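> A single structure is presented below for examination.
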Amino acid sequence: MLTGNALRQSFLDYFVARHHTQVRSSSLVPENDPTLLFTNAGMVQFKSVFLGQERLPFTRATSAQKCLRISGKHNDLEAVGRDTYHHTFFEMLGNWSFGDYYKEEAIGWAWDLLTREWRLPKERLWTTVYLDDDEAERLWIKVAGIPTERILRFGQKENFWEMGETGPCGPCSEIHLDRGLEACDRKMVKGHRCLVNGDCARFIELWNLVFIQYNRNDQGSLQDLPAKHVDTGMGMERITAVLQGVLSNYDIDYMRDLIRTTEDLAAKKYGESAEQDLSFGVIADHARAVAFLIADGVVPSNEGRGYVLRRLLRRAARHGRPIGPPLQRRLGRRLDFEAPRAHHRLCLGAG
């Protein structure tokens, strides 16, 4: 089985071999950017490059970026534990072009990595493009050989990516995997249909290829950037679940290590009930978020980032109740010290 650590390295090695410079994950606290409370995507540290305000000594990059989506335009807090594939804290695997290659190379490498290197079945992959992006559709047919019936068009909500209310943005093309009817969490709901960008877990988004060509200004208008760029992002937890053959992100190797810590504290077992499993998931997710926030200098307080951290700690502690008194008594004292340690050992690549 490919471990999470091995998968991360496999991704980075693939793009380094294609002349990308491997860069370290930036902090969860964005530098010199008052528009964002937390780093929510891999492209945040390159914002000034996209805007033409900074030049780097390289034009291609790859990284495994630690991200937090708990505020502003991107907020997945309420989905945590309730589905199998959203998190507040996660790692984003990405590759970037700063005015170098564009759509054809980005699409070609994404398809090659998924289908040749990682051997995902081509016939189960679907792609989406922005409403008027005829070029991306033609390239998916040319480069990947995807039939037109598996290339779908969506509008602003699904296929136009923006890091926040302002900043670099552009149309995007997503790759989705059909995991089969067994992955659907709504198959017993009358009238339900499994669809790409639908409301069930059967079709899972794996990778988002963003074609950065605009800047949204303070007035909400789009302005052309000096050059066109590529910004891709793939949730490491999702692709790890796919390659490890499990349907839930909470069943991948390093998440199960965290859950085992909670099992030991609670004297309960993951998998015994849906209510308990939701709480196991929330505690695991929030423990990771808390650990990396503290590592990046955020401490509990009554405002700003510190208040978010404080809310996460409280929310995790509340989810100790369905699991049992042993955990509830100990969680407040040990959550931010015990459970994250296992994840720190496993996620050195995100540091």
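> So which pairs qualify, if the first residue must be in segment 274-302 and open to solvent by 10 Å² or more (accessible area, probe 1.4 Å), the second must be at pLDDT 90 or above and of a type in the set (S, T, N, Q), the Cβ gap must be under 8 Å, and the two must be at least 6 apart or on different chains?
Correct list of pairs: Asp296/Ser27; Gly297/Ser27.
> Can you name the residue in segment 303-320 that is touching a residue at least 24 places away in the same chain (Cβ under 8 Å) and among the basic types (Lys, Arg) and, of all such residues, is least open to solvent (accessible area, probe 1.4 Å)? Reasoning before the result, please.
Start the filter on segment 303-320 by keeping residues that are touching a residue at least 24 places away in the same chain (Cβ under 8 Å), which leaves 304-305, 308, 312-313, 315-316, 319-320.
Those left that are additionally among the basic types (Lys, Arg): 305, 315.
Details: Arg305: 69, Arg315: 30 Å².
Filtering segment 303-320 for residues that are touching a residue at least 24 places away in the same chain (Cβ under 8 Å) and among the basic types (Lys, Arg), the one least open to solvent (accessible area, probe 1.4 Å) comes out as Arg315.
> Would you pick out the residues in segment 151-207 that are in contact (Cβ under 8 Å) with a residue 60 or more places away in the chain and of a type in the set (A, V, I, L, M)?
Across segment 151-207, the qualifying residues are Met163, Ile175, Leu177, Ala183, Val196, Ala201, Ile204, Leu206.
A quick yes/no check of all residues on (1) modelled with pLDDT of 95 or more; (2) open to solvent by less than 10 Å² (accessible area, probe 1.4 Å):
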| site | (1), (2) |
| --- | --- |
| Lys73 | no, no |
| Glu91 | yes, yes |
| Leu152 | yes, no |
| Gln156 | no, no |
| Cys169 | no, yes |
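> I would also like to ask the following. Could you list, in sequence order, the residues of segment 141-150 that are open to solvent by 10 Å² or more (accessible area, probe 1.4 Å) and either closer than 21 Å to Leu36 by Cα or not charged (D, E, K, R) (or both)?
Initial filter on segment 141-150 (open to solvent by 10 Å² or more (accessible area, probe 1.4 Å)): 141-145, 147-150.
Hits for segment 141-150 are Ile141, Val143, Ala144, Gly145, Pro147, Thr148.
> Right, here's the next one. Right, Ala241: on the phi < 0 side of the Ramachandran plot, open to solvent by less than 40 Å² (accessible area, probe 1.4 Å) and at pLDDT below 95 or not? First the steps, then the outcome.
On the way: on the phi < 0 side of the Ramachandran plot: yes; open to solvent by less than 40 Å² (accessible area, probe 1.4 Å): yes; at pLDDT below 95: no.
In short, no.
> Here's something else I'd like to know. Given the condition of a type in the set (D, E, K, R), in a strand (DSSP E or B) and touching a strand residue (DSSP E or B) at 6+ places or on another chain (Cβ under 7 Å), answer yes or no: does some residue in segment 208-218 qualify? Lay out the reasoning, then the answer.
First pass over segment 208-218, keeping only residues of a type in the set (D, E, K, R): 216, 218.
Next cut, in a strand (DSSP E or B) only: 216.
From what's left, touching a strand residue (DSSP E or B) at 6+ places or on another chain (Cβ under 7 Å): 216.
For segment 208-218, residues of a type in the set (D, E, K, R), in a strand (DSSP E or B) and touching a strand residue (DSSP E or B) at 6+ places or on another chain (Cβ under 7 Å): present.
> Evaluate the following for Thr84: is it on the phi < 0 side of the Ramachandran plot, open to solvent by 40 Å² or more (accessible area, probe 1.4 Å), at pLDDT below 95 and of a type outside the set (Lys, Arg)?
Values: on the phi < 0 side of the Ramachandran plot: yes; open to solvent by 40 Å² or more (accessible area, probe 1.4 Å): yes; at pLDDT below 95: yes; of a type outside the set (Lys, Arg): yes.
In short, yes.
The values are calculated or read from the model by the stated rules, or taken from the named source; none is laboratory data. On a predicted model such as this, the values are computed, not experimentally measured, just so you know. As a convention, Cβ positions derive from the backbone with ideal geometry for all residues, glycine included, and neighbour counts pool all protein chains shown. What goes into the accessible areas is simple: the full protein's heavy atoms, side chains included, and nothing from ligands, DNA or RNA. Shrake-Rupley method; radii C 1.70, N 1.55, O 1.52, S 1.80 Å.
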